[in-house]
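Asker: Let me give you the structure first, and then I'll get to my questions.
The values are calculated or read from the model by the stated rules, or taken from the named source; none is laboratory data. Quick caveat: nothing in here was measured; it's all calculated off a predicted structure. Every residue, glycine as well, gets a Cβ built from its backbone with ideal geometry; the counts of neighbours run over all protein chains shown. All accessible areas refer to the heavy atoms of the entire protein, side chains included, with ligands and DNA or RNA removed. Shrake-Rupley method; radii C 1.70, N 1.55, O 1.52, S 1.80 Å.
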Amino acid sequence: MKFSKTYEPNQYEPDVYALWEKSGAFKPSDDPKKDPYTIVMPPPNANGNLHIGHGLTIALEDILTRYYRLKGKDAWYVPGADHAGFETWVVYERKLEAEGKTRFDYSRDDLYNQVWSFVHEQRGNMELQLRALGASCDWDSLTFTLDPKVIDTVYSTFQKLWKDKLIYRGEKLVNYCTKHQTAFADIEVTHKEEQGKLWQIAYPLVNPVNDITEVVVSTTRPETLFGDTAVAVNPNDKRYEALVGSLVELPLTDRQIPIIADEHADMEFGTGVVKITPAHDYDDFEVGQRHNLEKITVIGNDGKMTKETGFNYEGLTVEQARTKALEALKTQGLLRGEENITHSVGHCYKCGTTIEPLLKEQWFVNVEPLAKRAIEVLKAGKIKFHPANKKQVLIHYLENIKDWNISRQIPWGIPIPAFQNVDDPTDWIFDTRVKETEITVNGKTYKRDNDTFDTWFSSGQWPYITTSEHPNHFPTSVMETGADLLFQWVGRMIMLSLYITDDIPFKDVYMHGMVLDEKGQKMSKSKGNVINPIEIVSKYGSDALRLGLIASRSAGVNQAFSTSKVMASRNLCNKVWNISRLVQDIVDNNPTDNDEVEIRNLGEDWICEQINQTNKQLGKLMENYRFAEAGDLIYDLIWNKYADWFVETEKLWKNTNLLKSTLEQLLKMLHPFAPFVTETIWQTLSWTDGMLIKESWPELYEYDQDKADQYTELTEIITNIRSHYQNIPGANNYPIAFHDDPLMYDNQLLIQHLTKSPCVPKINAEDAAGLHLAIHNHNIYIQIPKNIHDKYKANLEDHILKMGQEIITLEKRLESPNYVTKAPKELVEETRRTLADKKALLEKAKAELELI
RNA sequence: GGGCGGUUAGCUCAGUUGGCUAGAGCGCGUCUUUGACGUAGACGAGGUCAUAGGUUCGAAUCCUAUACCGCCCACCA
């Protein structure tokens, strides 16, 4: 294979990926001598397409995996596919709707089978896309969230929780979406501030007490009045003391309900009297429990009024019932006023329908004991968080956690393995024969619970399920996922893992922020601003997407996608490609008969120093998950150091073996960040064997520090000369002269080459003429005639002024006795040295100005 | 109501225990077809680090307050 002029990613990426996959490079070795390094991929939706957020996820996880693989760890990146219970169900239900059907036209088992085939028709897309992104994951270990091993574990966990009395079936209020007809966990509800109205409604007393004939309640939900079973006042409220125990007429009905005393009633709010609707309000439910009140459901699963509301209202929507009730109350003179208020209303995160708190019998996990252990572990610092503050946020959440409703009323999910005695509704048993709708146990008939598990109940067990066949890979090394999943997923994984395995699920947590569109707005289909990662890949290459995504992005922070960063990254790939092309060319034209790597010139010591520094620095950055800085660092090494200086220098020296060796090191260090281009180069270079992905991380070079420093000095001299050549028109036609300067003498050719000077002669002190450059302690002259000094003179004056200011600053610092006594000695010393240097330079420059 | 984050160059953002002249990419200006790369090379311009105080020898960095912008959590009917 030969190097083309520009790197065309599409031409190589699929083949390179296939090569890796075929070679088994993604598989863990399970070599006991190697440290395991494990990342479990947050499973993408099996039947969906990847979005740009997945691009970031894969980039981060794969960078880590490849880095530690090169570092010699037994790296294992475990892919997954999510049945995405609710998400997929919503898509499928829409399809049913388009066909004029509803879920009620089929049995649960039918629906499950239908969705199963639907998902499997779509499946595979996502997996191809993961390959396009370069994910070096072990495909043989892919787990689908409905695989038997997942279901088995979920069932045994459920059973254990049940046995430990941490699971209970309870009739409680649940967050219910009346469109999707399913319940949600608290954290799945989206709360929005909304403009609403607060109505005052009079409830007449059955028997007036003293002069009081009625109480007035305030409500934002008058239609729930049909479900009222009490009105409450605060026990300390003197105004209503005498009324407690009396009955009021419930308007629009023929019922009478009691006035009770409960702390829940806020004396400051409105009239201090509150209606109690235990079946439709969380607080009222609690009040109802305390006072043993009846719970009357007046809104059904379909969001319509139930028959409890009487035939005038039955079948109306909530909105209709509200309007109608208000009219009726007005007619009866019981509506006492209305005001505008802003309040927070829960919505379905998928369709935006207002969430109704409805009374349901569901399975709940008593999470408090689980949370307690998680808190202990977190407080003990057993799991490190990036960003660090997420740990505190999670602890705070866990400290206030409420029971977790794990029942969902959608057919697409893991069936709950529980059966109810048909003759005794309180008799529930655990049984995994979920394919049967009815079973017989001990002569009794049991009916299946038709609900399925909340997806997060299974996902929450993901780390130990997916690693079960390579147990030495658990606990996993790091859980990398979106910051929005802190409670929903990360918290639950920690709790369930401690409960089931007695161990943490992962040692580190890294949370990334959202990828926003270029304007910094959240991407959404409805806004039409969604960026498809695969399109970016085909346009700029997979490596460019990866590098572009990690650039300037820090943990937990939402950040805009930047095409310019992707382009800069593509350019880097092209740069490395062309560096390799040139090195290959030099190698071809300057063959060697051995592999000995020798350092023969200052620039070679210098590049070894630079590579070593980057190598060490990268290690630190990777340990701390500082991807953006790591990317910058390697970019800087390749572009600003290797290409701009070392390669230019080697055009003269052509140290073949060192060029080979240093290029290999560069490729290895860049590989985690840009796997495709580096592997493609590796496959193209004439002297490399095998595959880059299987190589090991480079060792440090041995080099001469003094020589490296001398080269650094040379780069400064050269830059300075170039600057003068550029700034003084015509100056570049004149030689650079020096006298009594070994560094210049030894590097005449190099300086000439890099400055494109006509020549670099050594002269005698008495012949010194032209511009005297004040660079360190060198005596360098650009031999230009006096008549083109003018421009330089202005520059020099400027320079002198600036130096003068710097000197004043330094002097002030040193004059302060506090600085001299309190600051570290080395720092003070350094300041002194700098000051001395600056002063010397200033004198030189001044003298020079005299000459002009 | 509680909590968390942000404010640094024209734009998007880095800046990890306080310490060289505050950095990058893009953009901008001038120059350059040098034996790989114009997806390039060379040189350069551009910042009172939101504001006001404080701590310190020294603050973009720590503390306090203010302003503006985000996000999360919460049952105020």
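Asker: What's the Kirkwood radius of the stretch A:314-375 in Å, using all Cα pairs?
Answerer: Taking the inverse mean of 1/r over all distinct Cα pairs, the stretch A:314-375 comes out at 16.2 Å.
Asker: Now for a separate question. Taking the simple approach of a point 7 Å from Cα along Cα-to-Cβ for both A:K402 and A:D211, what is their distance in nm?
Answerer: In this crude spin-label approximation the distance works out to 4.2 nm.
Asker: At what distance in nm do the modelled label points of A:R290 and A:S554 sit from each other, each positioned 7 Å from its Cα along Cα→Cβ?
Answerer: Between A:R290 and A:S554, the label points sit 4.6 nm apart.
Asker: So if each residue of separation counts as 0.36 nm, and I subtract the Cα-Cα distance between A:Y819 and A:D746, what length gain in nm does that give?
Answerer: So the extension gain works out to 22.1 nm.
Asker: So what's the back-of-envelope 222 nm ellipticity for chain A, counting only DSSP H runs of four-plus at -39500 (n - 2.57) apiece and dividing by all residues, rounded to 500?
Answerer: -13000 deg cm²/dmol
Asker: Next up: Counting only protein heavy atoms and a 1.4 Å probe, tell me what percentage of the stretch A:398-518's accessible area is made up of carbon and sulfur.
Answerer: On the stretch A:398-518, the fraction of accessible area on carbon and sulfur atoms equals 46 percent.
Asker: Please compute, over every Cα-Cα pair in the stretch A:42-140, the percentage with a separation greater than 24 angstrom.
Answerer: In whole percent, the long-distance tail amounts to 37.
Asker: Taking 0.36 nm per residue of sequence separation and subtracting the Cα-Cα distance, how much length would be gained by fully extending the chain between A:T809 and A:E121, in nm to one decimal?
Answerer: Value of the extension gain: 240.5 nm.
Asker: Collect residues whose amide H, placed 1.01 Å from N in the peptide plane, falls under 5 Å from the amide H of A:V509; neighbours closer than 5 in sequence don't count.
Answerer: Result for A:V509 returns A:K384, A:F385, A:H386, A:M479.
Asker: May I ask you to rank A:K33, A:K756, A:K786 by accessible area, largest first, using a 1.4 Å probe over the protein chains only?
Answerer: If we order A:K33, A:K756, A:K786 from most to least accessible, we get A:K33, A:K756, A:K786.
Asker: Something else: With a 1.4 Å probe and all protein chains in place, put A:R546, A:R290 in order of accessible area, largest first.
Answerer: A:R290, A:R546
Asker: Amide H to amide H under 5 Å from A:T143: which residues, 5+ apart in sequence or cross-chain, H placed 1.01 Å off N in plane?
Answerer: A:G80, A:A81
Asker: Can you work out ³J(HN,Hα) from phi for every residue in the stretch A:566-579, in order, using Karplus 6.51 cos²θ - 1.76 cosθ + 1.60 and θ = phi - 60°, giving whole Hz and x for Gly and Pro?
Answerer: For the stretch A:566-579, the Karplus curve yields 5, 5, 4, 6, 4, 4, 4, 4, 5, 5, 4, 4, 6, 4 Hz.
Asker: Related question: Calculate one ³J(HN,Hα) per residue across the stretch A:288-305 by plugging θ = phi - 60° into the Karplus curve 6.51 cos²θ - 1.76 cosθ + 1.60, and present them in order as whole Hz with x for glycine and proline.
Answerer: The phi angles translate into x, 4, 5, 10, 6, 8, 5, 10, 10, 7, 10, 10, x, 4, 8, x, 10, 5 Hz.
Asker: Near A:K238, which lysines are there with a Cα under 22 Å away, not counting those fewer than 8 places off in the same chain?
Answerer: Correct list for A:K238: A:K275.
Asker: Could you compute the net charge surrounding A:V478? Neighbours are other residues with a C-beta less than 13 Å from the C-beta of A:V478; K and R count +1, D and E count -1.
Answerer: Combined, the nearby Lys, Arg, Asp and Glu give -2.
Asker: Provide the percentage of antiparallel DSSP beta bridges, counting only those with both residues in the stretch A:221-352; round to the nearest 5.
Answerer: 75 percent
Asker: Suppose R0 equals 22 Å; then what is the FRET efficiency for A:Q159 and A:K435 from their Cβ-Cβ distance, rounded to the nearest 0.05?
Answerer: Calculated transfer efficiency: 0.80.
Asker: Please work out the average accessible area per residue across the stretch A:512-603, using the 1.4 Å probe convention, and give it in Å².
Answerer: I get 50 Å² per residue for this part.
Asker: Starting at 0 and stepping by 20 Å, how many percent of the alpha carbon pairs of chain A end up in each bin?
Answerer: 12, 32, 28, 17, 9, 1, 0
Asker: Right, next: Once amide H atoms are built 1.01 Å from N in the peptide plane, which residues 5 or more positions from A:E194, or in another chain, come under 5 Å H to H?
Answerer: For A:E194, the qualifying residues are A:H343, A:S344, A:V345.
Asker: Rounded to whole Hz and in sequence order, give me ³J(HN,Hα) for the stretch A:112-119 from the Karplus expression 6.51 cos²θ - 1.76 cosθ + 1.60, θ = phi - 60°, writing x for Gly and Pro.
Answerer: In residue order, the calculated couplings are 4, 5, 4, 5, 4, 5, 4, 5 Hz.
Asker: Tell me which lysines have Cα within less than 19 Å of A:K382's Cα, excluding those fewer than 8 residues away on the same chain?
Answerer: Excluding near neighbours in sequence, the set is A:K372, A:K390, A:K391, A:K507.
Asker: A:Y701 accessible area, nearest 10 Å², 1.4 Å probe?
Answerer: 30 Å²
Asker: Here is a follow-up. Please give the helix A:825-851 orientation as an angle from the longest Cα principal axis of chain A, in degrees from 0 to 90, rounded to the nearest 10.
Answerer: Value to nearest ten degrees: 50.
Asker: Right, here's the next one. Keeping every protein chain in place, order A:I800, A:I52, A:I500 by accessible area at 1.4 Å, biggest value first, i.e. largest first.
Answerer: Output order, biggest surface exposure first: A:I500, A:I800, A:I52.
Asker: In addition: How much of the accessible area of the stretch A:692-786, in percent, comes from carbon and sulfur atoms when a 1.4 Å probe is used?
Answerer: The C+S portion of the solvent-accessible surface of the stretch A:692-786 is 44 percent.
Asker: Applying 1/(1 + (r/R0)^6) with R0 = 51 Å to the Cβ-Cβ distance of A:D704 and A:K382, what FRET efficiency is obtained, to the nearest 0.05?
Answerer: After rounding to 0.05, the efficiency reads 0.65.
Asker: Go ahead and run the numbers for FRET between A:N589 and A:I395, Cβ-Cβ distance against an R0 of 56 Å, rounding to 0.05.
Answerer: 0.30
Asker: So for chain A: antiparallel DSSP bridges make up what percent, rounded to the nearest 5?
Answerer: So the antiparallel bridges in chain A amount to around 75 percent.
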